[in-house]
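Structure first, commentary second.
Rule-based calculations on the coordinates, nothing more; no lab input. All values derive from a computational prediction rather than experimental measurement. Reconstructed Cβ throughout: ideal geometry from the backbone, glycine too, with neighbour counts over all protein chains shown.
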Amino acid sequence: MLTTPFVVNGERVEVAFAPHKTLLEVLREDLGLTGTKHGCELGECGTCTVLLDGLPVLSCLVLGVACANRAIRTVEGMAQPGRLHPLQETFADLGAAQCGYCTPAFLLAAEALIVANPKPSRDDIKDALAGNLCRCTGYIKIYEAVELAAARMRGEAAEPAPETLYGRK
Amino acid sequence: MAGSNHRVIGKALRKVDAVAKVTGATRFADDLALPRMLYAKLLRSTQPHARILAIDVTAAARLPGVRAVLTGRDLPIPFGILPVSQDEHALCLDKVRFIGDPVAAVAATSEEIATAAAELIRVDYEPLRTFASAEEAVANAEPRIHDYGDRGNLHKIVDLEFGDVAEAFEHADLVREDLFFFEGNTHLPMEQHAALATYAPDGKLTLWSSTQTPHYVHRALANVLELPPARIRVIATPNGGGFGGKSDPFSHEIAVAKLAMVTGRPVKITLTREEVFYCHRGRHPTLMSIKTGVKRDGSITGMHFKSLLDGGAYGSYGVASTYYTGALQTVTYQVPRYRFQGARAFTNKAPCGPKRGHGTPQPRFALEVHVDKIAEQLGIDPAELRLNTLVPRDSLTANYLRVGSMGLGTCIEKVVQGSEWKKKFRKLPHGRGVGLACSSYISGAGLPIYWNNMPHSGVQLKCDRGGGVTVFCGSTEIGQGSDSILAYIVAEVLGIDPFHIAIVTADTELTPVDLGSYSSRVTLMSGNAALQAAERARELLALHAARRLEIPGDRVVFADGRVFDSRDPDTGMSFAEAVQHAEAAEGTVGTVGSYTPPMSPGKYRGAGVGPSPAYSYSACVAEVDVDPATGIVRVPTIWIAHDLGRAINAAAAIGQVEGSVYMGLGEALMEEMAYRGNRNVVHKIPSLLEYKSPTTLEMCDVVTYLIEDPDPNGPFGAKEVGQGPLLPVMPAVANAVYDAVGVRVDEVPITPEKVLKALRGKGKGEAGRVGPTRFPDIPWPEPVRVPPPWEA
Amino acid sequence: MLRLPAFAYLQPKTLAEAIAMKADAGPSGMYVAVGTDLYPYMKRRHEDPTLVISLMGIPDLRRADDRVVGAGLTLTELAVGPSARPAVVADAARLVSTPLLRNMGTLGGNLCLDTRCNYYNQSYEWRKSIDFCMKKEGHICWVAPSSPRCWAVSSSDIAPVMVAIGAEYRLVGPQGERIVPAARFYHNDGINYLTKQPDEILVDVRLPAPNGWDAAYHKLRRRGSFDFPVLGVAAWIRWDGTEVSDAKIVLGGVASYPQEVPEAGAVLRGVTLGTASIAAAAEAAYRPSKPMDNTDFDLSWRKQMTRVYVARALEELRQRRV
């Protein structure tokens, strides 16, 4: 067992765990942050995505001990008290979360994209999210939610297109 | 929507669980943990077909940290989702039937120890001859994989004839026969199945599980564990995707329950991704023959459809799947005479079952490509041909399915217009093409899985004097939005904010039975139950509000959280006050609602599969780019129109359409459950890396049209939308590939290898087709002969 | 959930320290960069080191300039490298796996990527079902059962590029330092696929100066992300005016090493790139391209694609020149 200091969602925590524990296991089992999910534990689906020093990574393939003194962001860190993150708002409003299982991963990967590229094109979004599988949505509501949130984060008073919500006439 | 005065229905509202899902607060089964919890692991067979000679668990049981080890002897009672196929054991008893069949279960203080212990279990097998394909199983009756079934290794054989089809062919101007193959594929929910069980000292068992069918799991547990159902509680956790793959009772659910009973401690199991492939219950690989007689104008005189399904190692829903390959061929285009022959074989592969569209995407693929070929042969635009032969609304089909609302014509017109079909079909440059296909699907099955006269869905509704409303229903949220549907419907009827409604679902101890999230039944059935409960509550509240307001009952309106006089909206009260008046007068305010589908007109043996209270309809145009040098097919855009009767939530409905297109695109181009032919019938690729699920870079643009043709049987007219839109995608892509490069790939998936092979063949003057060339001889029984309604 | 087996973990700060740790541990110790390749193998019980030595704390592996690239650079860092560095390296890095994995995986990890085979890249229980294979615990290569060797496939995207452009790798081990041309770093054997000794560390890669050559990398796979190459084509050309003075075609994903096809290079030498010369080179590359049935896709189609992808890589180079 090693005691490792992390900064998780802005808070410094110290956790003791065996060196073979992945960050995924430490977050879910030692810190109780079960918002981070898993779909294969082999780096083949992206469901376990968290931000490590701001970059989206696969928490199933990172050792907890390798994250000492690094900043980790999980879905639990996205909302402020009483206020959802703009991405959380648009994912909720557009139905970008269906079963919701891959959603935390998409939110974090999308947040990292918008931080790096405040005005991503549809292709930029596809490229940035190409490591995250979703079986429910066909990704389209996710793209639309990312575009809408990015616009709002740029300060634009953006609203969803009518066909996004009601289909083509 | 347009013209409707609904305040909730039709609006693109958030789902009631949306905030929980985007904040990571939703608790999926593997997110649960209890004090003193043990971890379970299943040992699975490494043999595809073998007798179990001996199992030695001594070393595993001795490993420090191990608390219990179970084998088949501990759970000897068989189970299965269908009463006619009780052919599974939680842990194999005498024999294993596929690689991945569970043989033993371990509970230990950590998952690592449980895994190590499972590896210490020694199993001696006596290998038996294996069957890797339905054709092999048809050709060889022995050794039998199961000691039941219709004949040899054929699980089920069906032969139904509605009118003299041979004679119908004589009256046709063209009789065309085609063969098709649809490879198996799997649901691949992102969440791996997980279950957690506790057994309290008072003898009460609780199971949380990522299941779509808590009611059936409840029944299976009572049966296998020999416990009174009243002492078992099954809670379906929100499913991290289901698509039909979590609709059977599973070994791991029964095993953790038994382990909890044996150890007296909570026991959790979370399957690995590889194990999810072994649970499977996905699309049956299906070989099909379709022969149709048509007049010059494209009208059908008769159709003969044959299917051979590779069922894998167990029955699962397979008998129903077999019937479904034939049942819905008649609900889109008028088929005056129809013959269906279907057979399902047992093989030594992971069991097949219901995946989104259950048994109907395969025959729909065959039918829609077949119709495309007929249209070309007759020189008729395939859109026109379809429009000219549509089944009329409010009619009976040859096989006695009652079609109610029918918006397929509008669907076709929408996608033809939106895609600029007439400018593109047969007119695009080589390499680019468009294809059209249509489909239909049930909004729930007319009959339950086990025969009974009780409702298919029930709702209890409780009104709190604070104005809150709680809806209790057995339905299961799998991401499709079933919890939200309940809230929207009740909110519409009672005129309150849907987010003020508490939804309690999928808990056999708290909620009335709903049969489960399968067959696209939940919106229509639990929606109708909720509607009835809400209307009863409104009636009660209106009675006492009317007394209080001293107005006639028919003037009481429920809207915007108020109850008021329609002639004088300022005269009224809050919804909470209305509840208080009713409660003061009548006691606790609660109502119930339930739903039972109408009786089906078909009375023949086999008539139980196919009837539905309402059928949804879809039409789809796919545009494709085919690289003639590689055979690689890319799909830039799909236009799809879906007749869903009425959108309860338009945005959620579009989400179902887009998700269906996604899953259909994967099936069309790349997904397959592939097995090694040369080495022990092992699954070739049980991983998320090698089972190819489309990424953002393969997904096409989707242009969605929601067509609202309200059905009298649906709540507010609603029909299904979760499964039907998947069906036309595969044949639309296949037809588009033909339009693009002039070759027919009569198989799914349409891989680059197949396209290139067909192109090479065409280049050499051959047919330019890849697909099956033969349908094996099946020992069909005497057909059940039923004259169609118009000949009866 | 798939979990790692227990092991001890060390984080040396210098190369010397790492090498000493490995010497102490012997065969049960393994170096790891980030572990995107190693940890899945450990989770599926292919590898079972009791000691894992992380190289990521060693500054030498993180050095980078236009000509020298530390093996510890992540693929994302490599993908956005300085413009003075050959673009083909960044292009290949960008095609590896997914953005998430590229944020973690390193250049060194990709260059030393274990050979892959779909009889091998499976769980312990799955491999037990086929009675294992010679790469681990078994005796037979199921891809070619009569073969004495393992046919697992070189699946790196960057290795073929390094071989094609003539990069050199700097290795440091107990015997000191050595520089190895990329082509001599790889063996055509699925088990012993590297000439690197287990106690040597790949420290950095030296790229050739950009003096008159150009290179392109084309990758074939089912999906635009996640997937390993089922065919990679690295094409390198030294230009002499409009003529090709020298050329190399290196194939990934078809053998246990990045396979140079000298026949194809020979066809191009002294000619102008055009439809005929490109087709001739593609044909020359096609013949020795012998993929086996152990990756995604049908092997005969993969072989046929050699022709198409070599031609397309050369066409890209031609287009860039005109």
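With contributions of -39500 (n - 2.57) from each DSSP H run of at least four residues, the per-residue ellipticity at 222 nm computed over chain C stands at -8500 deg cm²/dmol. Here's the list of lysines a cross-link from C:Lys290 could span, going by alpha-carbon distance under 22 Å and ignoring same-chain residues fewer than 8 apart: B:Lys684, B:Lys754, B:Lys757, C:Lys135, C:Lys219, C:Lys248, C:Lys303.
Taking the Cα centre of chain B as the origin and placing charges on Cβ (Lys, Arg +1; Asp, Glu -1), which of B:Leu91, B:Phe499, B:Ala257 is farthest toward the positive end of the dipole? The Cα lying farthest towards the positive end belongs to B:Leu91.
Overall size of the stretch B:309-402 from C-alpha positions, given as principal axis extents largest first: 45, 29, 23 Å. Taking amide H positions as modeled 1.01 Å from N, with prolines and chain starts lacking one, the residues under 5 Å from B:Val103 and 5 or more places away or on another chain are B:Leu43, B:Arg44, B:Ser45, B:Cys92.
Of C:Ala92, B:Met454, B:Thr115, which is farthest towards the positive pole of the protein assembly as shown's charge dipole, taken about the Cα centre with +1 and -1 on the beta-carbons of Lys, Arg and Asp, Glu respectively? Highest projection toward the positive end goes to C:Ala92.
For chain C, pairs of C-alpha atoms spaced more than 25 angstrom apart make up 50 percent of the total.
Under the rule a/c < 1.5 gives rounded, and otherwise a/b versus b/c splits prolate from oblate, where does the stretch A:86-158 land using the Cα gyration tensor? Oblate, because a/c is 1.5 or more while a/b does not exceed b/c. Using only side-chain charges placed at the Cβ, +1 for Lys and Arg and -1 for Asp and Glu, the dipole size of the stretch B:57-152 relative to its Cα centre rounds to 300 debye. Taken over chain B, the percentage of Cα pairs per 20 Å bin, counting from 0 up to the bin with the maximum distance, is 16, 48, 30, 5, 0.
Projecting the Cα atoms of C:Ala216, C:Asn188, B:Gly431 onto the dipole axis of the protein assembly as shown, where Lys and Arg carry +1 and Asp and Glu carry -1 at the beta carbon, places C:Asn188 farthest toward the positive end.
Of all beta bridges that DSSP places with both ends in chain B, some 75 percent have antiparallel geometry. Based on Cα contacts under 8 Å between residues 6+ apart, the stretch C:2-135 shows a relative contact order of 24 percent.
For the stretch C:1-57, the alpha carbon positions stretch 36, 20, 14 Å along the principal axes, listed from largest to smallest.
In straight-distance terms, cross-link reach from A:Lys141 covers every one of the lysines whose alpha-carbon lies under 19 Å from its own, apart from those fewer than eight places away in the same chain; here that gives A:Lys119, A:Lys126, A:Lys169, B:Lys11, B:Lys15, B:Lys21.
Each Lys or Arg adds one and each Asp or Glu takes one away; over the other residues whose Cβ falls under 12 Å from the Cβ of C:Ile201, this sums to -2.
Only helices enter the 222 nm calculation for chain B: every DSSP H run of n ≥ 4 contributes -39,500 (n - 2.57), and dividing by all residues gives -8000 deg cm²/dmol, rounded to 500. Note on B:Asn452 and C:Ser245: with the Förster distance fixed at 60 Å, the Cβ-Cβ geometry gives a FRET efficiency of about 0.10.
Around the amide H of C:Tyr257, modelled in the peptide plane, lie the amide H atoms of C:Ser154, all under 5 Å away and 5 or more residues distant in sequence or on another chain. If you take the alpha carbon atoms of the protein assembly as shown and fit the smallest convex hull around them, that volume is 175 Å³ per residue. Net charge of the neighbourhood of B:Lys757, taken over other residues with C-beta under 13 Å away and scored Lys/Arg +1, Asp/Glu -1, is +1. Take every pair of alpha-carbon atoms less than 8 Å apart whose residues are at least six positions apart; their mean separation over the length of the stretch C:1-57 yields a relative contact order of 53 percent.
Taking the square roots of five times each eigenvalue of the Cα gyration tensor of chain A, the equivalent ellipsoid has semi-axes of 30, 16, 13 Å, listed largest first. Only Cα pairs under 8 Å and 6+ residues apart enter the sum, and on that basis the relative contact order of chain B stands at 16 percent. Partner shielding of C:224-230 amounts to 6, given as the average count of beta-carbon atoms from other chains within 10 Å of each residue beta-carbon. In this structure the amide hydrogen of B:Val702, modeled in the peptide plane, comes within under 5 Å of the amide hydrogens of B:Ile638, none closer than 5 places in sequence on its chain. Karplus-based coupling profile of the stretch A:161-169, in residue order and whole Hz: 5, x, 6, 4, 8, 10, x, 7, 8, with θ = phi - 60° in 6.51 cos²θ - 1.76 cosθ + 1.60 and x standing for Gly or Pro. Charge dipole of the stretch A:2-76 (Cα centre as origin; +1 on each Lys and Arg Cβ, -1 on each Asp and Glu Cβ, all else neutral): 100 debye, rounded to the nearest 20. Computed about the Cα centre, the dipole magnitude for the stretch C:10-81 is approximately 160 debye when only Lys and Arg (+1) and Asp and Glu (-1) carry charge, each at its Cβ. Here the Karplus relation 6.51 cos²θ - 1.76 cosθ + 1.60, evaluated at θ = phi - 60°, turns the backbone of the stretch B:508-522 into coupling constants of 5, 7, 9, 10, x, 5, 10, 5, x, 8, 8, 6, 6, 9, 6 Hz, with x for every Gly and Pro. What the phi angles of the stretch A:136-150 give under the Karplus curve with 6.51, -1.76 and 1.60, with θ = phi - 60°, is a coupling list of 8, 8, x, 6, 5, 5, 5, 4, 5, 5, 5, 4, 5, 5, 4 Hz, glycine and proline written as x.
Summing charges over all other residues whose Cβ lies under 12 Å from the Cβ of A:Ile114, with Lys and Arg as +1 and Asp and Glu as -1, gives 0. Here's the list of aspartates and glutamates a cross-link from B:Lys423 could span, going by alpha-carbon distance under 15 Å and ignoring same-chain residues fewer than 8 apart: B:Asp381, B:Glu384, B:Glu413, B:Glu623, B:Asp739. Going 7 Å from the Cα of B:Glu791 in the Cα-to-Cβ direction, what parts of the stretch B:369-399 have a backbone nitrogen less than 18 Å from that spot? Of the residues in the stretch B:369-399, B:396-399 have backbone N under 18 Å from the label point off B:Glu791.
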